[in-house]
Amino acid sequence: MHVFATLGAFLSHLADALVPLFGASATGVAIILLTLGVRLALHPLARSAARGERARTALAPEVQKLRKRHKNDPERLMRATSELYAEAGVSPWGGILPLLAQLPVFFVMYRLFSTGSSGEGHALLGAPLTGRWADALGHGGVTGPHGLVYLGLFALVAAVATWTYTRARKAAAAAPLPAADGTDPAAAMMAKAAKVAPLLSFGTLVTVAVVPLAAALYVVTSTTWTAVERAFLHRPRTPEGTDGAIPAT
């Protein structure tokens, strides 16, 4: 609760400072800037997660050998896989840390603007930050002044999701997972997840449509940052064989 109150107060002060420049849209701009600040602060975690992802990719052949060796003993397979990751200093869950660290900020946006009391009077280009897409449709329809704000957000999310999907498919084609032969449930699950995961980025469209506009701004800004950040952190290796995106420390 203290975290929510602190973030809420900071957002209010930031919005007040931006009023001379952005007027009634100051709070919306403050949400975007706060989101960018949070993601910048979490960038070290993202860098660490990217290193772990590459390390897990490098360990994939060893993991596949363990699956074949212990295909009839799931408990032994889990223990051996955990030991392999531990020896390499890799956490299989490292990639979710940046996501978990963002949740308090998202909940602040949702809580402050979901009831309509704290966020009353705040808007972005005329669209109330407490409103949802359904409300915008009731005020001029899809091409009304409020609806156009959502169309812009939907277009940005769709572009980012399509780009993310294309990159994921290319990465999967370049480094395909070992085919599951039906005897390894874990391998089969990973193969299915690899096919479905690229499509999940389009789920952000649903989120933007159902949450308050304030929370939607956070989601869209954070999603866009994630796409750009991943492109930077997963740049191809340089000809010298070093990774320019993530230098060794």
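Segment Ile32..Ala5, full-extension length gain: 7.9 nm, with 0.36 nm per residue of separation and the alpha-carbon distance subtracted.
What is the calculated FRET efficiency for Val210 to Trp163, with r their C-beta to C-beta distance and R₀ = 30 Å, to the nearest 0.05?
Details: r = 23 Å, r/R0 = 0.77.
About 0.80, to the nearest 0.05.
Maximal additional length on extending the Arg69-Leu137 stretch stands at 18.7 nm, based on 0.36 nm per residue less the C-alpha distance.
Full extension of the segment from Phe202 to Ala17, taken as 0.36 nm per residue of separation minus the current Cα-Cα distance, would add 63.1 nm.
What is the calculated FRET efficiency for Val228 to Ala24, with r their C-beta to C-beta distance and R₀ = 35 Å, to the nearest 0.05?
On the way: r = 29 Å, r/R0 = 0.81.
So, using R0 = 35 Å, E works out to roughly 0.75.
Label-to-label distance, Ala101 versus Glu87, with points set 7 angstrom from Cα along the beta-carbon direction: 3.0 nm.
Computed from the coordinates by the stated procedures, all read-outs in this text should not be read as laboratory data. The structure presented is a predicted model; accordingly, all values stated were derived computationally and were not measured. In this analysis, Cβ positions are derived from the backbone assuming ideal geometry, glycine residues included, and neighbour counts consider all displayed protein chains.
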